[in-house]
Amino acid sequence: MRIWQPEPDEILLARTPVTFATGHAMPVSGMRWFRDTERRDIQDELPGWPEGPVYAPRSASGSLTRNIGRGGAAALGAALMGFLTGGGGSGPSPSRAGSVTSIDHPDEVEDFPVVWAAPGTIARTLPWQLDPDRSPAPERCRTHAIVTDRRVVLVGLPVHKDKGLIEDEVLWETPRSTISRVEPRDFRHGRDVKVTFGDGSWCRLETVVRPEFTRHLAGPLNLVPPDALAPGQRNAVDGFLVSARAGAPDCGSPVITRRSCGHYRVEVLPPSRFDSFFGACELELIMDSDGAEVELAEQHPDDF
């Protein structure tokens, strides 16, 4: 196995599957584009990228006509409402985390850029392997994002029958300091993330485990050293580690973060629980300021 590991003084925070996102509104369903700031297609300008499909957004009239053939007036009405709200009337039903209404009509309904980048900017350096349309066998390979306290790394790896077999190939990396903003995008299934770099370029990614990807990137990284904890909290962490190491002896030092709600999140990412499909499966404890475990029903959205 070739599992990517951080430097000895670097802290591993997350490992999640990622790809470029895919449009779901009717005009752009199943499509994605790579744009400059004038909204020109730049996929042929990206160095080292293999050829990919050329898409054109569907017109409202063309999409509505197709829906009339499928279901008559009822489908026409539903499609029309989709266009008016940005829902598009096609694609999967929104999940509990998703939204039927777009808040970014130009980039989610009329067009669907997943790279927005002027010449010489960071988003133009992203690897082509993030694009499922360019992978020769997307069902047999994955791209993962690895988040540490100092950088974000993208790796490519094959998916074997044994999903615990990891063979990482580093494709790209960037210091955390180059990332200015990480924003969840809920239209339509609640799995997309917009990552904006300091030079103004951005990309739109999709991950099936979005909270894990955004947790340590979307805001300040409030890491808490174990010796800064109150005695009750240190006891809780020690007990958590004993339990965690009973099932995963390769658990390393815990990552402890103070959440904005006042709770503390304690997690470990043992390599024995890495999965070529889902990434790292963390073991976690949510505790309060006294070290008492916060039950699921009492946890806050920020805890996740």
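None of the figures in this text is laboratory data; all of them are computed from the coordinates on show. A quick note: this is a predicted structure, and the numbers were derived from the prediction, not measured. We place every Cβ from the backbone using ideal geometry, glycine too, and count neighbours over all the protein chains shown.
Just a few scattered comments:
- Angle of helix 60-85 to the longest C-alpha principal axis of the chain, folded into 0 to 90 degrees and rounded to 10: 60°.
- Rel. contact order, % - alpha carbon contacts under 8 angstrom, at least six apart, the chain: 20 percent
- For the pair Asp199 and Asp9 in one chain, pulling the backbone fully straight at 0.36 nm per residue adds 65.6 nm over the alpha carbon distance.
- Mean-square fluctuations from a GNM of the chain, with a 10 angstrom spring cutoff on Cα atoms, peak among His216, His105, His24 at His105.
- Candidates Phe20, Phe240, Phe112, ranked by Gaussian network fluctuation over the chain, Cα under 10 Å, top entry: Phe240
- The fewest-to-most ranking of Arg215, Arg35, Arg40, Arg176 by surrounding Cβ atoms within 10 Å reads Arg40, Arg176, Arg35, Arg215.
- DSSP beta bridges in the chain [antiparallel fraction, %, rounded to 5]: 90 percent
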